[in-house]
């Protein structure tokens with residue numbers, strides 16, 4: 001029995017006239033990637049300088065305009081990476097780098113040393129303010145915590161004033177462990193820093209409110225952000241930023257609700273990488289907005305290449321069920337899901353509605369560089385819709401609706417026996433074996449057709465002479481009818497194959513162009529009322545149809 005009494009619920013926030021539940025996200029926030037700092041420091045093997053540079057260039061390509069590149073006072077690698085970016089002029093003019101520092105004199109000085117020559121940078125100061133950290137880590141009171149923040153802010157102010165006049169230094173402060181800090185004290189410590197930095201509407205500072213440890217449901221985080229915004233002074237002189245961790249698995253939701261509560265800026269990482277359970281996943285948040293018709297201001301149209309760089313540089317794996325990017329997220333195994341997706345895609349392609357509406361697919365996979373081919377995957381849970389989707393989208397066979405259950409049973413028999421997923425090429429091999437390459441008792445060797453016109457009855461009569469091999473014996477048969485198929489059916493009567501009744505016929509071209517082959521699907525019924533489909537392929541539609549009849553007969557005879 002788990003000892004749940006060891007824990008206590010997080011207290012709710014008393015807030016008057018709560019506004020965020022009635023709001024809607026209408027535009028993207030300012031995005032700041034912290035992959036190269038928060039994400040990097042959480043890796044078993046941190047990225048080296050070349051890897052960090054490749055990752056940095058990818059973030060720039062995606063469209064991030066603010067990128068936290070590291071903790072330059074923490075290690076030589078971090079410092080060298082910073083110097084490489086600046087010395088080799090690798091930072092685009094429209095990108096602002098961010099550096100993190102604790103409120104400690106030698107770390108702040110080392111941070112500014114690393115920034116020499118930069119054109120524009122955010123210096124991010126933090127110190128922990130929570131009740132728990134004050135009690136067990138710093139062993140100090142609120143006044144002591146405010147002093148730590150003010151001392152760091154004062155030094156940053158002095159160094160910024162002495163810095164290169166051509167450089168733009170933007171200041172950011174985080175009351176670390178904001179979610180575990182009394183709200184009135186969070187406001188108090190932030191305002192103490194504001195008194196040092198003196199932000200204005202023209203020269204704003206950033207106040208970042210991190211859920212350093214996710215301690216509550218997302219709605220409470222939103223309450224905390226809204227309460228803070230309503231009580232902080234000089235609101236027009238600060239940019240409110242959020243940085244949610246994922247300890248409860250709800251960092252994305254917490255961030256979205258924080259935006260509703262008034263947050264203007266979001267710090268996070270690709271795929272949620274970061275310490276412990278990670279950070280808010282910017283990719284997911286951005287594509288959530290995209291799915292609602294909002295421009296996320298970030299480009300994830302080539303998601304596969306982003307996954308590849310991320311996995312190679314971080315040595316981490318993207319989960320196959322990761323929203324939008326996972327290997328399996330645009331894949332359906334369930335038969336009912338496959339059928340709905342197939343019908344939805346066909347509807348979208350034919351009707352061309354103004355908005356994307358396909359069951360089980362919240363966005364069009366092609367918008368993120370994925371393709372339709374992997375959407376349907378076939379295993380023992382799959383049904384006729386999935387099988388027919390694979391045959392049509394991979395090989396061009398538009399299997400008739402009445403035939404789909406028949407072939408699906410063929411496929412499912414194999415998946416039940418093996419317990420494995422079948423690849424498209426394996427499904428096609430089953431199709432060929434069952435319908436096209438079936439070595440049966442009856443084989444069409446050759447045929448000729450002659451057509452005469454009955455002027456009195458104003459119709460055509462088709463005469464056919466066909467050579468068949470039946471049970472190894474060659475026979476010639478003749479017949480006539482109102483078309484090649486009807487004539488061939490009558491000819492089969494003379495070959496002892498008289499118990500079959502014609503039920504259904506469909507045909508189509510396998511591809512476009514003059515050299516396209518035709519495929520014919522014909523359903524026959526025997527004397528017992530059982531039905532079987534046959535399939536034939538040929539450049540000549542008549543030959544394809546006759547082969548389809550032979551295919552159906554042979555499928556009857558093999559049972």
Are any residues in the stretch 381-414 crowded, with 19+ Cβ neighbours inside 10 Å, free of Cβ contacts under 8 Å to residues at least 40 places away in the same chain, in contact with a strand residue (DSSP E or B) (Cβ under 7 Å, 6 or more places away or on another chain) and closer than 23 Å to residue 530 by Cβ, and if so, which ones?
411
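Identify all residues within the stretch 231-253 that are in contact (Cβ under 8 Å) with a residue 40 or more places away in the chain and farther than 17 Å from residue 189 by Cβ; write none if there are none. Talk me through it step by step, then tell me what you get.
Filtering the stretch 231-253 for residues in contact (Cβ under 8 Å) with a residue 40 or more places away in the chain gives 231-234, 237-239, 241, 243, 251.
Within the stretch 231-253, 239, 251 qualify.
Please verify whether residue 275 is surrounded by fewer than 21 Cβ atoms within 10 Å (Cβ to Cβ), in a loop (DSSP other than H, G, I, E, B) and modelled with pLDDT under 95, treating the condition exactly as stated. Reasoning before the result, please.
Details: surrounded by fewer than 21 Cβ atoms within 10 Å (Cβ to Cβ): yes; in a loop (DSSP other than H, G, I, E, B): yes; modelled with pLDDT under 95: yes.
Criteria met by residue 275.
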Only unsatisfied item for residue 109, checking (1) assigned to a helix (DSSP H, G or I); (2) in contact (Cβ under 8 Å) with a residue 60 or more places away in the chain; (3) farther than 21 Å from residue 242 by Cβ, is (2)
Only listed residue being surrounded by fewer than 16 Cβ atoms within 10 Å (Cβ to Cβ), out of contact with any strand residue (DSSP E or B) (no Cβ under 6 Å at 6 or more places or on another chain) and free of Cβ contacts under 8 Å to residues at least 40 places away in the same chain, chosen from 350, 329
350
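How many of the residues making up the stretch 162-182 are surrounded by fewer than 17 Cβ atoms within 10 Å (Cβ to Cβ) and modelled with pLDDT of 90 or more? Walk me through how you get there before you give the answer.
Of the stretch 162-182, the ones surrounded by fewer than 17 Cβ atoms within 10 Å (Cβ to Cβ) are 162, 164-168, 182.
Going one step further and asking which of them are modelled with pLDDT of 90 or more, we end up with 162, 167-168, 182.
Count: 4.
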From (1) part of a helix (DSSP H, G or I); (2) in the same structural domain as residue 409 (by TED's automatic domain parsing); (3) loosely packed, with under 14 Cβ neighbours inside 10 Å, pick out the condition that doesn't hold for residue 305.
(2)
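Report whether or not residue 467 is within 24 Å of residue 432 (Cα to Cα), at pLDDT 90 or above and either assigned by TED's automatic domain parsing to the domain that holds residue 400 or assigned to a helix (DSSP H, G or I) (or both). Full working, then the answer.
On the way: within 24 Å of residue 432 (Cα to Cα): yes; at pLDDT 90 or above: yes; either assigned by TED's automatic domain parsing to the domain that holds residue 400 or assigned to a helix (DSSP H, G or I) (or both): no.
Taking the combined requirement at face value, the residue does not satisfy it.
Would you mind stating whether residue 112 is within 17 Å of residue 58 (Cβ to Cβ), in contact with a helix residue (DSSP H, G or I) (Cβ under 8 Å, 6 or more places away or on another chain) and assigned by TED's automatic domain parsing to the domain that holds residue 297?
Working: within 17 Å of residue 58 (Cβ to Cβ): no; in contact with a helix residue (DSSP H, G or I) (Cβ under 8 Å, 6 or more places away or on another chain): yes; assigned by TED's automatic domain parsing to the domain that holds residue 297: yes.
No.
Within the bounds of the stretch 495-510, is there any residue that is more than 24 Å from residue 407 (Cβ to Cβ) and surrounded by 14 or more Cβ atoms within 10 Å (Cβ to Cβ)?
Narrowing the stretch 495-510 to residues more than 24 Å from residue 407 (Cβ to Cβ): 495-496, 498.
If we keep only those that are surrounded by 14 or more Cβ atoms within 10 Å (Cβ to Cβ) too, we end up with 495.
Yes, that holds for at least one residue.
Would it be correct to say that residue 123 is touching a helix residue (DSSP H, G or I) at 6+ places or on another chain (Cβ under 7 Å) and either more than 21 Å from residue 49 (Cα to Cα) or surrounded by 21 or more Cβ atoms within 10 Å (Cβ to Cβ) (or both)? Give the derivation first.
Working: touching a helix residue (DSSP H, G or I) at 6+ places or on another chain (Cβ under 7 Å): yes; either more than 21 Å from residue 49 (Cα to Cα) or surrounded by 21 or more Cβ atoms within 10 Å (Cβ to Cβ) (or both): yes.
So residue 123 passes the test.
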If I filter the stretch 542-558 for residues that are surrounded by fewer than 19 Cβ atoms within 10 Å (Cβ to Cβ), in contact with a strand residue (DSSP E or B) (Cβ under 6 Å, 6 or more places away or on another chain) and either in a strand (DSSP E or B) or at pLDDT below 90 (or both), do I get at least one hit?
no
Can you find a residue in the stretch 19-27 that is under 24 Å from the mean Cα position of the chain (by Cα) and either assigned to a helix (DSSP H, G or I) or farther than 30 Å from residue 221 by Cα (or both)?
no
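For the stretch 415-434, enumerate the residues that are more than 16 Å from residue 389 (Cβ to Cβ) and either in contact (Cβ under 8 Å) with a residue 60 or more places away in the chain or touching a helix residue (DSSP H, G or I) at 6+ places or on another chain (Cβ under 7 Å) (or both).
Quick first cut of the stretch 415-434, residues more than 16 Å from residue 389 (Cβ to Cβ) only: 416-420, 429, 432-434.
Correct list: 434 only.
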Hey, residue 417 surrounded by fewer than 19 Cβ atoms within 10 Å (Cβ to Cβ), modelled with pLDDT of 90 or more and part of a helix (DSSP H, G or I) or not
no
Unique residue being in contact with a strand residue (DSSP E or B) (Cβ under 6 Å, 6 or more places away or on another chain), under 26 Å from residue 433 (Cβ atoms), modelled with pLDDT of 90 or more and outside the structural domain of residue 402 (by TED's automatic domain parsing) when the list is 476, 530, 506, 539:
506
In the stretch 216-251, what count of residues is obtained for those that are under 22 Å from residue 16 (Cα atoms) and either in a loop (DSSP other than H, G, I, E, B) or in the same structural domain as residue 101 (by TED's automatic domain parsing) (or both)?
5
Which numbered condition in (1) in contact with a helix residue (DSSP H, G or I) (Cβ under 8 Å, 6 or more places away or on another chain); (2) at pLDDT below 95; (3) within 21 Å of residue 118 (Cβ to Cβ); (4) surrounded by fewer than 17 Cβ atoms within 10 Å (Cβ to Cβ) is the only one that residue 75 fails?
(1)
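Within the stretch 70-77, can one find any residue that is in a helix (DSSP H, G or I) and under 22 Å from residue 56 (Cα atoms)? Give the steps one after another, and end with the answer.
Here is the first cut: in the stretch 70-77, the ones in a helix (DSSP H, G or I) are 76-77.
From what's left, under 22 Å from residue 56 (Cα atoms): 76-77.
For the stretch 70-77, residues in a helix (DSSP H, G or I) and under 22 Å from residue 56 (Cα atoms): present.
The values are calculated or read from the model by the stated rules, or taken from the named source; none is laboratory data. Just so it is clear, the structure is predicted and the values come from calculations on it, not from any experiment. FYI the Cβ positions are ideal-geometry reconstructions off the backbone, even for glycines, and counts take in every protein chain you see.
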